[in-house]
Amino acid sequence: MAFTYALAEFLDFKDAAVCERVRRIKREEITQHPNPDFKIEIIDDPGEFYAAFATDIVMRIKQALDEGRRFVGIFPVGPMPQYPIAARMINALRIPMHHVHTFNMDEYADENGRTAPPDWEGSFQKAMFDRFFNLIDPELRPPLSQIHFPTTENLPRYAEMIEELGGADVCYGGIGWCGHIAFWESSLGYEFGDDLEAYKKAGPRLVTLTPMTIMQNALHSFGGDWSWVPPKANTIGPAQILGARYRSFWLDGYIGGGVSWQRFIARLVAHGPVNTFVPGSILQTAPTRYVLLGGVADNVEIHMS
């Protein structure tokens, strides 16, 4: 018997017909997209997935070095397993990183907009140094002055800092449960409405995290403890993501046992309408590599565990 109902009120994207359409996209159809520059891939093996991500990072760094130019990259915290792999590759290949400038997408903040200190166990700054920069041999690491995070102090100039270096070569990232990219939340769609052009030009800011983001991050980073997740964050905006010369996004939200929190949102971002309530949907409009771990690409079905 059919059972129909309205979408939950707290959800920002509420087009039930679109949700139904993308939900029905089968695994064998998911890589097909009308924009040939938006390239969707599936990598089934987790080891191969993270190795491919790490190789993408190292390849771009090495190519810039060989061409005698700086490398400017925007980096996420999540996924993380690729970073130790990339560090090992850099050490093994003895790739100096004096030409590398990194800008992290985001950083947590408290209710007053004060960003987390770099030694706080949940900060993105600590995660990047513990899992990437400090694993690179000291003589190969980029100078500390070339490693940047959107802190309270530099947020007003964060976009300008990237542009002063000629813009980003690549923006790496993932997709949040609400469809966010960085911490650019789905709730910001209420501010922009249908004005997609203004939305694409929006830059770094302090944002209030949505309930979905709080729960997602509690699940994968804070042991399921939603009280531990900060309420706000500093983040880059669509202008920095689209302004990069390329985008490389990696979706690994597969829990196991047939369960993936990312399976539906991966489809909505890639195959739903480009709109301000699904931030990741803007990736469809620009040259992008969009890679799904096999369990994320599987069909969306009811799974009673």
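Taking the listed residues Tyr108, Tyr172, Tyr190, the one that is hydroxyl-bearing (Ser, Thr, Tyr) and closer than 26 Å to Gln63 by Cβ is Tyr172, with no other qualifying. The set of residues in the range 265-288 being surrounded by fewer than 19 Cβ atoms within 10 Å (Cβ to Cβ) and under 16 Å from the mean Cα position of the chain (by Cα) consists of Ala286, Pro287. Here Trp184 clears all of (1) more than 17 Å from Gly280 (Cβ to Cβ); (2) surrounded by 21 or more Cβ atoms within 10 Å (Cβ to Cβ); (3) not polar (S, T, N, Q) except the condition numbered (1).
Would you be able to tell me the number of residues in the range 1-44 that are of a type in the set (S, T, N, Q) and outside any loop (DSSP other than H, G, I, E, B)?
Here the count works out to 0.
Residues of the range 33-87 that are of a type in the set (Gly, Ala, Ser), closer than 22 Å to Ala127 by Cα and out of contact with any helix residue (DSSP H, G or I) (no Cβ under 8 Å at 6 or more places or on another chain): Gly47, Ala52.
Considering only the range 143-153, I want to know if a residue exists there that is buried (at least 21 other Cβ atoms within 10 Å of the Cβ), touching a helix residue (DSSP H, G or I) at 6+ places or on another chain (Cβ under 6 Å) and under 28 Å from Leu65 (Cβ atoms).
To start, the set of residues in the range 143-153 that are buried (at least 21 other Cβ atoms within 10 Å of the Cβ) comprises 149-150.
Keeping just the survivors that are touching a helix residue (DSSP H, G or I) at 6+ places or on another chain (Cβ under 6 Å) gives 149-150.
Now narrow it down to the ones that are under 28 Å from Leu65 (Cβ atoms): 149-150.
Yes - at least one qualifying residue is present in the range 143-153.
Residues that are touching a residue at least 12 places away in the same chain (Cβ under 8 Å) and exposed (fewer than 15 other Cβ atoms within 10 Å of the Cβ) within the range 71-95 comprise Arg88, Asn91, Leu93, Arg94, listed in sequence order.
Let's see how each residue does on (1) closer than 29 Å to Gln216 by Cβ; (2) within 20 Å of the chain's Cα centre (by Cα); (3) acidic (Asp, Glu):
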site: Pro46; (1), (2), (3): yes, yes, no
site: Ala52; (1), (2), (3): yes, yes, no
site: Asp56; (1), (2), (3): yes, yes, yes
site: Gln63; (1), (2), (3): no, no, no
site: Asp66; (1), (2), (3): no, no, yes
site: Phe75; (1), (2), (3): yes, yes, no
site: Gly78; (1), (2), (3): yes, yes, no
site: Gln82; (1), (2), (3): yes, yes, no
site: Ala86; (1), (2), (3): yes, yes, no
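Out of the range 187-217, which residues are among the aromatic types (Phe, Trp, Tyr) and surrounded by 22 or more Cβ atoms within 10 Å (Cβ to Cβ)?
Passing the criteria: only Tyr199.
Would a scan of the range 292-299 turn up a residue that is touching a residue at least 24 places away in the same chain (Cβ under 8 Å), surrounded by fewer than 19 Cβ atoms within 10 Å (Cβ to Cβ) and not in a loop (DSSP other than H, G, I, E, B)? Yes; the residues of the range 292-299 include at least one that is touching a residue at least 24 places away in the same chain (Cβ under 8 Å), surrounded by fewer than 19 Cβ atoms within 10 Å (Cβ to Cβ) and not in a loop (DSSP other than H, G, I, E, B).
Read the figures in this text as sums done on the coordinates, not as results from a lab. Quick caveat: nothing in here was measured; it's all calculated off a predicted structure. Glycine also receives a Cβ, built like all others from the backbone with ideal geometry; neighbour counts cover every protein chain displayed.
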